[in-house]
Structure formats: C-alpha cells, structure tokens
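Structure first, commentary second.
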Amino acid sequence: MRRLSIFAVLALLLAGCSAPSKSQDSELRIIAAAAGAAEILNEIGLSDSIVGVDERNSKASKAQVVTSGHSFNFEQVVGLAPTHVIIDSLTDSTEVRNKFKQSGLKIIELPTAEDISEIYDKYEILGKAFAKSDEAQSASNALRAKFEEFKVSNRSFRIAFLYLRGTNAIYFVGGKGSGADSLIEAVGSVD
C-alpha cells in the first residue's frame with residue numbers, strides 16, 4: 001500500500017511537471033490606449049496580445065474598441081481581463097487615467113510625442129516593458145531610416161499642416177511646438 005501511495009504521488013508530480021507552459025506573450029492581454037501604441041506593438045511582435053484599443057488605435061488593430069469618442073467604457077475594459085493598459089496624457093481625462101492607475105492593472109504610460117525623438121522613446125519604453133528590446137530597437141531603426149530616406153530625396157517643400165476633423169468644426173494649424181513642425185523638419189522640408 002505504501003509503494004502504491006509513493007507511486008501515486010510521483011505520478012502526480014511528474015504529470016504536473018509535464019504540463020505545457022505558457023509563453024510570456026500568450027499571457028499578455030494589452031489595452032492600447034496611447035497614440036501609436038498598437039502600431040508599435042504590431043511592429044515588435046505583440047499584435048496577438050492586443051485585446052482592446054481606443055479609437056486612435058483602431059486602424060492598427062482588429063481588437064475590440066473600448067472607447068466611445070475619447071471616453072472609456074470600463075465594463076468593456078474589465079470584461080477583456082487585460083494584464084496591461086498603455087496610456088498617455090491624451091488618454092481620456094486625468095480622472096480616468098488615475099482610475100486606471102488605481103485599478104491594480106499594470107499601467108504603462110507613454111510620452112505624448114511632440115517631436116520625432118519622443119516617438120523613438122515610445123519604442124524603447126514598450127520594448128523594455130514587454131522584454132522585446134531588440135525588436136523595438138530594430139523597428140525604431142527602420143523608422144529612422146525612413147525619415148533619412150525622405151531627407152536624402154532633397155524635397156525642400158514649404159508645408160502648412162492643417163488638422164480638420166468631424167462635423168464639430170475642429171480645426172488646428174500645426175505650428176512651432178505642435179509636433180507637426182518636427183515631422184515636417186524630419187522629412188527635410190520647411191514648416
């Protein structure tokens with residue numbers, strides 16, 4: 001009887017040890033609610049881990065949209081059981097960002113890019129957060145190369161950046177310090 005008990009315990013231990021382990025990526029459930037977050041996650045190989053996005057990221061992911069306009073539907077967010085939420089200073093309101101921070105979820109806050117260098121910072125932050133630093137560096141370098149390619153083409157255009165949206169007459173002219181000036185300069189043109 002004692003041998004049978006020992007055999008049963010060993011069988012259980014071995015069965016537990018042989019269970020397939022989940023990869024780190026399969027355990028991730030990410031809400032991408034910062035400008036450009038879903039696109040960067042796609043580039044570093046985490047597109048399958050995105051379970052929800054805000055409307056800014058809806059073109060870069062087929063994941064469920066968890067906002068209406070810029071407002072979050074917390075029932076949808078909770079229903080998706082995310083492990084991480086990526087936000088920036090434009091994610092809904094300060095109250096909502098604080099609610100995310102108090103939720104117990106892992107929050108990753110990205111800078112709101114007002115010039116090109118801050119876009120590269122987003123790659124670095126997300127690469128570190130998800131143990132994908134090499135992939136993030138490679139994707140960041142590819143983006144830098146694209147900007148250099150534009151500069152080499154010697155297109156010295158004079159550009160005015162206008163942002164016109166929706167039926168509420170939302171208009172912006174992207175001048176100095178808006179972020180548009182940095183983008184225009186990066187492609188070798190004049191704001």
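The values are calculated or read from the model by the stated rules, or taken from the named source; none is laboratory data. Note that the structure is predicted; figures quoted are calculated from it, not measured. Note that we place each Cβ from the backbone using ideal geometry, even for glycine, and neighbour counts take in every protein chain shown. We work out accessible area using only protein heavy atoms, side chains counted, and drop any ligands, DNA or RNA first. Shrake-Rupley method; radii C 1.70, N 1.55, O 1.52, S 1.80 Å.
Could you tell me whether the range 94-103 includes any residue that is outside any helix (DSSP H, G or I), in contact (Cβ under 8 Å) with a residue 12 or more places away in the chain and open to solvent by less than 60 Å² (accessible area, probe 1.4 Å)? Within the range 94-103, none of the residues are outside any helix (DSSP H, G or I), in contact (Cβ under 8 Å) with a residue 12 or more places away in the chain and open to solvent by less than 60 Å² (accessible area, probe 1.4 Å). Among the residues of the range 112-142, just one is in contact with a Ser or Thr (Cβ under 8 Å, 6 or more places away or on another chain), crowded, with 19+ Cβ neighbours inside 10 Å and of a type in the set (Ser, Thr, Tyr), namely TYR123. If you check ALA136, ALA81 for being assigned to a loop (DSSP other than H, G, I, E, B) and either in contact with a helix residue (DSSP H, G or I) (Cβ under 6 Å, 6 or more places away or on another chain) or modelled with pLDDT of 80 or more (or both), only one passes: ALA81. Does ASP88 meet the test of being in contact with a Phe, Trp or Tyr (Cβ under 7 Å, 6 or more places away or on another chain), of a type in the set (D, E, K, R) and open to solvent by less than 50 Å² (accessible area, probe 1.4 Å)? No, not satisfied. Figure legend. Inter-residue proximity from the range 168-190: first residues in contact (Cβ under 8 Å) with a residue 40 or more places away in the chain and outside any loop (DSSP other than H, G, I, E, B), second residues of a type in the set (A, V, I, L, M) and open to solvent by less than 30 Å² (accessible area, probe 1.4 Å), beta-carbon distance below 7 Å, spacing 6+ or different chains. Indicated pairs: SER182/ILE116; LEU183/ILE116; ALA186/ILE116.
Please go through the range 45-72 and pick out each residue that is open to solvent by 60 Å² or more (accessible area, probe 1.4 Å) and more than 22 Å from ALA139 (Cα to Cα). Across the range 45-72, the qualifying residues are GLU55, GLN64, SER68, HIS70, SER71.
The set of residues in the range 109-133 that are in contact with a strand residue (DSSP E or B) (Cβ under 8 Å, 6 or more places away or on another chain) and either modelled with pLDDT under 95 or of a type in the set (Asp, Glu) (or both) comprises GLU109, LEU110.
Just a yes or no: is a residue in the range 84-92 over 26 Å from GLY177 (Cα atoms) and among the polar types (S, T, N, Q)? Checking the range 84-92: not a single residue is over 26 Å from GLY177 (Cα atoms) and among the polar types (S, T, N, Q). Working only within the range 123-141, note down all residues that are in contact (Cβ under 8 Å) with a residue 60 or more places away in the chain and out of contact with any Gly (no Cβ under 6 Å at 6 or more places or on another chain). Correct list: TYR123, LEU126, GLY127, PHE130, ALA131, LYS132, ALA139.
Within the range 143-167, the set of residues being open to solvent by 80 Å² or more (accessible area, probe 1.4 Å) and either assigned to a helix (DSSP H, G or I) or modelled with pLDDT of 95 or more (or both) comprises ARG144, LYS146, GLU148, GLU149, PHE150, LYS151, VAL152. Filter the range 39-71 down to residues that are in contact with a strand residue (DSSP E or B) (Cβ under 7 Å, 6 or more places away or on another chain) and among the hydroxyl-bearing types (Ser, Thr, Tyr) and give me whichever is farthest from LEU126 (Cα to Cα). Per the criteria, the residue is SER58.
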